[in-house]
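Please treat every number below as a calculation from the coordinates, not as lab data. Worth saying up front: this structure is predicted, and the values here are computed from it rather than measured. Neighbour counts are summed over all protein chains in view; Cβ atoms, including those assigned to glycine, are modelled from backbone coordinates with ideal geometry.
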Amino acid sequence: MWSDSLNSLTSAQREAVEHLDGPLLILAGPGSGKTRVVTHRVANLLRHGVAARQIVALTFTNKAAEEMRSRLEVLAPGGGVWMSTFHRFCARLLRQHAATVGLDENFTIYDTSDSRQVLRRTLDQLDLDTTLYTPERLTGAISWAKNNLITAAQYQPRSGHPLGHVVAKVYPAYQARLLASSAVDFDDLLLHVAVMLRDNPEIRATLDERFRYILVDEYQDTNLAQYTIVRGLSIDHPNLAVTGDPDQSIYGWRGANLSNILDFEKDYPDVHVVKLERNYRSTKRILRVADSLIGYNQRRKAKGLYTENDEGQSVSLVAYPTQRLEAETIAARIAEEIRAGRRRPRDFAIFYRVNALSRSLEFALRDEGIPYQMVNGLEFYQRKEIKDVLAYLQLVNNPRDDNAFLRVINTPPRGIGKTTIGHLIAHADRRQLSLVDAARESGLIEALNKRAAVAVAKFMALYDQLSLVAAAPVEEILGHVLSASGYQQFLIDSEDEEDQERLANIEELLTAAREFDERHPTDAPLETFLEESCLVNDTDAWQADDDRVTLMTLHASKGLEFPVVFIVALEEGLLPHERSREANDLLEEERRLLFVGITRACEELQLSLATYREFRGQRRRTVPSQFLMELPRGEMDVVEPNATARVEWETSPDEHAWDESSGDELGDVDFNPAEFDATDAEPVTPSPAATDAAAVVRMTMTPLTTAAELHRVQTAEAPRVPPEAFHQGMVVRHPEYGLGKVVALSGNGIRRTATIAFASAAGQRKFMLASSNLRPAKSE
DNA sequence: TGTGAGTTGATTTTT
DNA sequence: TCAACTCACA
């Protein structure tokens, strides 16, 4: 059976799969079956007797890790191989060795917005003038330093760099604050581990011994910290296999260092290099377009991409008069293809450089009734209500977490305002206490008036009450938080419609917690749940099997493929982005970004631009992207902007009267189609009618499978009210104790348990729902 | 202390 | 355009 699957590999792929010991570099072009090779190789290692726990595969996204895990499961069922993102891997290592870097093992991980708040407070404390430098620029500079393994103590401003001098002051203070709260930011996860490996030879050796075989995916995107970690773990056992493609390095702005992959052969002179150059994904035409474009980059390793696939259709390049027409025409074309039965929604993807460009596309798709899913900005775990509730958990998990304390102390409002909080902070600073400890001494703070002191004391009572259930299943803890803090009631009482939506989101969070509890029935430390919730990202929520058109940024598209791809807004300032003009290596990265986008397409590809585009609420004349001049004319089908404009005007002049005065400017674009061999330029006609496709649903997070429903045990004494009928905050009736409210829920199936707070003297009691006499009360 | 209006300022990509 | 932050007022 094994040899069968081995036979299905090409000789180059096989070469990589059969390499066992020693360093290995797999240079894998787009669509070359890289994941297949990596998973086969892991299976091969296992087959040769390498223990699963000695292998670790590191990726950048959870999605990539998940993909590998599921594909390996097919080849070598049973698992046990650790596949994880760098950040999660580091979080786990750091939990085990927290003390060596000055953290508690229950440290909190701050996401970007948490870190920014900490930085803000640091700036307030230092009394620095923030008008000169935005917190964003400062966090950026600190992040850069951390990714380059420059610790707060080591940071030296470069002379002549005013920003550097501010950073030199802020960085140490910011870092001290994080440590005092026993918290880390994303970059710290890597930095701490890298420093730990460097400064503790015995720990390094132990881990090197433990992780004998290391695989790194997307190696071209590693930064110095990641490089150091991987190297540190591959000294005694240099069985390091990395895969990557220098042409797909698109995270330079995050500190990714292209040299890591370009110089891999210098780091490991006896490295075995395998090149995967055959593409199984795209048509010949698409591949030639991609190849031509990327050829303009200087800093790369030339490689010969080729494919045995069909020639395919020409790649089309369309210049639309306006952004709106661009969106509408694309949507119309998609609708037409679906209506004609040629394609399904999931065959299409639309990519853009920045999230802000998604709006007009969304509107157009919605108008056509086309279902779509968007991988975008405001993700679930960034929502206010979710962050609020999670902050309670963070504080329960880590009492030193000042950031969480400040978030929840007056959420929902409980009369603890700015002044009171100011006093608490001052007291904490004076006595070198965490805010929780300072709040405990609120009676001793003279500046506090009685009312404030009482309010703080009440909050502390709440906190202590929540701490008591810290070891319970996460769903149950969450339930107590929602009930005891009054947060849920606060939202229920609210008039604001938005708050009703928030309740629904919280409901989703409860479901997520329940699912987590199921996955971790025994070891369910709260911190693992918190870790999961802050290390997930947008792309993770993307679902391949949903039958919807996909909208995403070019960055998010890496690793995916679609039959038909549209890339919009190929305009100067957007692609390449204006910030990339300063330096050539930034420009090359933009080119790689477009390369990544182009190579996602299997069969059809359309690139487009608009002569006028909305920008900060204003209409702007655009300039075509310089990259357009780097595409091979022979492969392209160029649609003349004038023709497009004329057709559109005749179709519905009123609809598109975007600017009364600019009608005669329409054909006057800087983009000259004659530059291309546009022999058969054919105007794009929008389809007349929208299809009656399913309703558009904007995805907020992964729909969670209710495994409980599968598990449900139907016993003879099945309750008349099924356990699933009960939910958080619901009012119930008990024959003996009377009316009560669901405070918390936990467990599954017949073991599902509810904590009920009764209005009567019965107080709080726990019930097994399957065997209890509880009923939902009529009114809520 | 909490709310609301008004202003300002910033807008790449993500773990 | 839009979100976040400030300031004034109840």
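Things worth noting here:
- All Cα pairs of the range A:313-417, percent lying beyond 20 Å: 58 percent
- Evaluated with a Cβ-only charge set (Lys, Arg +1; Asp, Glu -1), the range A:358-398 carries a dipole of roughly 160 debye about its Cα centre, given to the nearest 20.
- Only one residue of A:294, A:479, A:44 has its Cα farthest out toward the positive end of the dipole of chain A, where Lys and Arg carry +1 and Asp and Glu -1 on Cβ, and that residue is A:479.
- C-alpha long axis of helix A:201-210 to longest principal axis of chain A, angle in °: 70 degrees
- Degrees, to the nearest 10: A:135-147 long Cα axis against longest axis of chain A: 80 degrees
- Only Lys, Arg (+1) and Asp, Glu (-1) charged, at Cβ; chain A dipole about Cα centre in debye: 2620 debye
- Which listed pairs, of A:146/A:275; A:34/A:301; A:34/A:284; A:146/A:303; A:34/A:558, have C-alpha distances above 22 Å, in listed order: A:146/A:275; A:146/A:303
- Going from the residue with the fewest nearby Cβ atoms within 10 Å to the one with the most, A:625, A:771, A:84 rank A:771, A:84, A:625.
- Each other residue within a Cβ distance under 14 Å of residue A:226 adds +1 if Lys or Arg and -1 if Asp or Glu, for a net charge of -1.
- Straight-line cross-link partners of residue A:450 among the lysines, defined as a Cα under 17 Å from its Cα and at least 8 positions apart when in the same chain: A:418, A:458.
- Whole-angstrom gap from the range A:456-477 to the range A:506-533, using each part's C-alpha centre: 17 Å
- For the range A:466-507, average projected area of the Cα convex hull in nm²: 2.8 nm²
- Theoretical FRET efficiency, 1/(1+(r/R0)^6), r = Cβ-Cβ of residue A:340 and residue A:308, R0 25 Å, to 0.05: 0.30
- When you filter the trypsin sites (Lys or Arg not before Pro) in the range A:140-172 for DSSP loop state and at most 12 other Cβ atoms inside 10 Å of their Cβ, you are left with A:158.
- Virtual spin-label span in nm between residue A:519 and residue A:418, 7 Å along Cα→Cβ: 4.2 nm
- Principal axis analysis of the Cα atoms in the range A:374-490 yields extents of 51, 31, 27 Å, listed in decreasing size.
- For the range A:182-237, the calculated P(r) over all alpha carbon pairs, in 10 Å bins from 0 to the bin holding the longest distance, is 24, 52, 23, 1 percent.
- Fully extended contour minus Cα-Cα distance, from residue A:150 to residue A:489, at 0.36 nm per residue: 117.4 nm
- DSSP beta bridges fully contained in chain A are about 30 percent antiparallel.
- Percent of Cα pairs exceeding the 16 Å cut-off, where the set is the range A:43-153: 73 percent
- Cα-based Kirkwood hydrodynamic radius, chain A, one decimal, Å: 29.2 Å
- Reported value for the range A:77-126: 113 Å³ per residue, from the convex hull of its C-alpha atoms.
- When chain A is described by a simple charge dipole with +1 on each Lys and Arg Cβ and -1 on each Asp and Glu Cβ, the residue from A:749, A:491, A:576 located farthest towards its positive end is A:749.
- Values of log10 I(q)/I(0), in the order q = 0.21 Å⁻¹, for the range A:424-558 under a Debye, Cα-only, solvent-free model: -1.21
- More than 24 angstrom apart: percent of Cα pairs within the range A:477-635: 59 percent
- Pairs of Cα atoms in the range A:330-371 fall into 5 Å distance bins, from 0 up to the last occupied one, in shares of 5, 23, 34, 21, 12, 5, 1 percent.
- Cα centroid separation - the range A:379-429 against the range A:233-305, whole Å: 45 Å
- Convex hull volume per residue for the range A:180-286, taking Cα atoms only, in Å³: 142 Å³
- Residue-averaged 222 nm ellipticity for chain A, from DSSP H runs of 4+ at -39500 (n - 2.57), nearest 500: -12500 deg cm²/dmol
- Taking the centroid of alpha carbons for each part, the range A:106-178 and the range A:542-607 are 32 Å apart.
- Helix axis angle, A:474-484 relative to chain A longest principal axis, alpha carbon, degrees: 60 degrees
- Cβ charges +1 (Lys, Arg) and -1 (Asp, Glu), total dipole of the range A:69-111, debye: 200 debye
- Rounded to whole Å, sorted largest first: equivalent-ellipsoid semi-axes of the range A:1-94, Cα gyration tensor: 22, 16, 13
- The spread of Cα positions in the range A:130-228, taken along each principal axis and listed from longest to shortest, comes to 50, 32, 23 Å.
- Range of Cα positions in the range A:295-371 per principal axis (Å), largest first: 45, 31, 22
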